[in-house]
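Notes for the one structure printed next.
The values are calculated or read from the model by the stated rules, or taken from the named source; none is laboratory data. Here the structure is a predicted model, which is why all the values come from computation and not from measurement. Cβ coordinates were reconstructed from backbone atoms using ideal geometry, including for glycine residues, and neighbour counts include every protein chain displayed.
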Amino acid sequence: MRSTDLGALGLGAAAAAIRAGTVSPVELVDACLARIRALDGDLRAWSHVDGSGALATARERLAEARAGKLRGPLHGVPVGVKDIFDVAGMPTTGGAKPFAHTRPGADAPAVARLRAAGAIILGKTVTTEFAYRDPAPTRNPWNHGHTPGGSSAGSAVALAARMAPLALGSQTVGSVLRPAAYCGVVGFKGTHGLVPVAGVIPLAWSLDHVGVLTGSVADAALAMSVLSGQNLDPLPMSAPRLALAPELVSRASREVAAHVEAAADAFLRAGATVSKVELPASFRGTHAAGLTVLEVEAAAYHAPWFGKYADDYGPEMRSLVEAGDGVRRREPRPPRVPRGRDAAARGPRRVALSHGARAGAVWTRLDR
C-alpha cells in the first residue's frame, strides 16, 4: 500500500489491517514520519518527534503480530500525545519556557493504557502554554490565516494533516472540541474522571478531562474504550434530537450566530429534530463560577514557581494566575489544603454542580 494510502487509514482501519497482516506497523510509522517531515516545518503540530524510537517499537510490534501475539486493539498503531502528558523518556514542556520543562521517567496512566493496547508513541504534539489561551505556533492546515483552535492545537492538526490516526488531547473548557471543529476532525471528551488525569499538567483539576482527536466517531469510541477500560460502542442514530439555546446564541458574534443558525437549519433539512430550549436559571451563574474555579486552581498549581518565573509566562496565563491569586488572598482557607479542595473554589464549585443537576432534565430529552 502506498504511503499516501496509509496516511488515509483511520484508527480502526489501521488496527484491523495490522491484525490481518495487510499493513505492517513499520510501514505505517514510516508513512506518518514521512508526512511529518513533509508538512510539519510549515504546520508546526509537533513539539517532539521520536522517529527512531517509534520505528524500533514498530519493528517489535511487527514481530509480535507475525507471531500472533497482539497486545491489544491498537497493536502497531502510531499515536501522538499532547505535550502536557508525561511520556517516559520524552520531554514534557507544557508549551512553556524552559523553567517548566521536565523529562519524566514514567508514562501518565492515559499513555500507559495506549501502550498496553499496543499503540506506538510517535511523539508530543504542540499545546498552547499550559493548555490555556496564549496562542501556539501551530497553523490550521486548511487555511494558514485561521487559527487551528486551542489548546490541543497540535493534536487536531496532526489528525487533519494525516500525520497520525489518533492523538491525545485535554479539555478544561473547550480544548478538544474547539480545535477538532476548526480543523475538521472528530474530538471527544467523556465525563469528568472517565480517564485518569494523573501525569498530566493540570489547568484546573476540577474541570480537566482527557480527550481524543480522531478521524471518525467510531475511531473516537475505540480510543476512549481503551483509555477508559469500558466498552463505548457508538449507538446507531437515524434522526438525532438536538438543542439550540437562544441564550447562548445571543452571546456570539453576529457571524458566529448566523453560522450556528445555518447549521441548525441544515440539520433540520437532513431530518434531525432541533428544539429551542430555555436553560435553567442556575445557568446564569455557571460561567462566573467556572471562571473562579479555573483561576483559583491554576493559581494553586503554579504557586510554587510563579513568583520566580512570572515574567516567563505568556500574558493570558499570567493574568489567569494573578486573578486566582487575588481570589485566594481574599478567601479564608485552612492551613493544609489537599489538592482539588482549595477553599476559595468551594462555593463556585457548588454552583456548577448545582446547575449540572438542574440541567440534567433538559439533556435527557436530547442527543445534544
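Numbers for the structure displayed
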{"item": "Whichever residue in the stretch 220-246 is in contact with a Leu (Cβ under 7 Å, 6 or more places away or on another chain) and without any contact (Cβ under 8 Å) to a residue 60 or more places away in the chain and, among such residues, is farthest from Ala119 (Cα to Cα)", "result": "Ala245"}
{"item": "Residue, surrounded by the most Cβ atoms within 10 Å (Cβ to Cβ), within the stretch 207-226, restricted to residues that are within 23 Å of Gly94 (Cβ to Cβ) and in contact with a Gly (Cβ under 6 Å, 6 or more places away or on another chain)", "result": "Leu213"}
{"item": "Check on Val111, surrounded by 23 or more Cβ atoms within 10 Å (Cβ to Cβ), part of a strand (DSSP E or B) and among the β-branched types (Val, Ile, Thr)", "result": "no"}
{"item": "Boolean, Ser47 is polar (S, T, N, Q), surrounded by fewer than 21 Cβ atoms within 10 Å (Cβ to Cβ) and farther than 25 Å from Ser225 by Cα", "result": "no"}
{"item": "Search result, residues across the stretch 160-207 that are of a type outside the set (Val, Ile, Thr) and under 19 Å from Glu295 (Cβ atoms)", "result": "Ser170, Gln171, Gly174, Ser175, His192, Pro202, Leu203, Ala204, Trp205, Ser206, Leu207"}
{"item": "Thr286 of a type in the set (Ser, Thr, Tyr), at pLDDT 95 or above and not in a loop (DSSP other than H, G, I, E, B)", "result": "no"}
{"item": "Yes/no for Gly80 being buried (at least 16 other Cβ atoms within 10 Å of the Cβ), on the phi > 0 side of the Ramachandran plot and either part of a strand (DSSP E or B) or not assigned by TED's automatic domain parsing to the domain that holds Phe306 (or both)", "result": "no"}
{"item": "Candidate set: the stretch 179-196, residues that are within 26 Å of Ala299 (Cβ to Cβ) and surrounded by 22 or more Cβ atoms within 10 Å (Cβ to Cβ); chosen: the one farthest from the chain's Cα centre (by Cα)", "result": "Val195"}
{"item": "Single residue of Val249, Val296 found to be within 30 Å of Ser206 (Cα to Cα), surrounded by 13 or more Cβ atoms within 10 Å (Cβ to Cβ) and free of Cβ contacts under 8 Å to residues at least 24 places away in the same chain", "result": "Val249"}
{"item": "Complete set of residues in the stretch 136-164 that are part of a loop (DSSP other than H, G, I, E, B), within 19 Å of His209 (Cβ to Cβ) and in contact with a Gly (Cβ under 7 Å, 6 or more places away or on another chain)", "result": "Ser152"}
{"item": "When residues of the stretch 1-24 are limited to those that are charged (D, E, K, R) and in a helix (DSSP H, G or I), the one nearest to Ala67 (Cα to Cα)", "result": "Arg19"}
{"item": "Residue in the stretch 227-238 that is within 23 Å of Gln171 (Cα to Cα), surrounded by 13 or more Cβ atoms within 10 Å (Cβ to Cβ), among the small types (Gly, Ala, Ser) and within 25 Å of the chain's Cα centre (by Cα) present", "result": "yes"}
{"item": "Only listed residue being within 23 Å of Asp50 (Cα to Cα), touching a residue at least 40 places away in the same chain (Cβ under 8 Å) and not aliphatic (A, V, I, L, M), chosen from Pro202, Pro141, Pro196, Pro98", "result": "Pro141"}
{"item": "Matching residues, the stretch 25-50, being touching a residue at least 40 places away in the same chain (Cβ under 8 Å) and either in a strand (DSSP E or B) or among the small types (Gly, Ala, Ser) (or both)", "result": "Ala45, Trp46, Ser47, His48, Val49"}
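Matching residues to (1) hydroxyl-bearing (Ser, Thr, Tyr); (2) at pLDDT below 95; (3) buried (at least 19 other Cβ atoms within 10 Å of the Cβ):
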| position | (1), (2), (3) |
| --- | --- |
| Ala116 | no, no, no |
| Thr125 | yes, no, yes |
| Ala131 | no, no, yes |
| Pro137 | no, no, no |
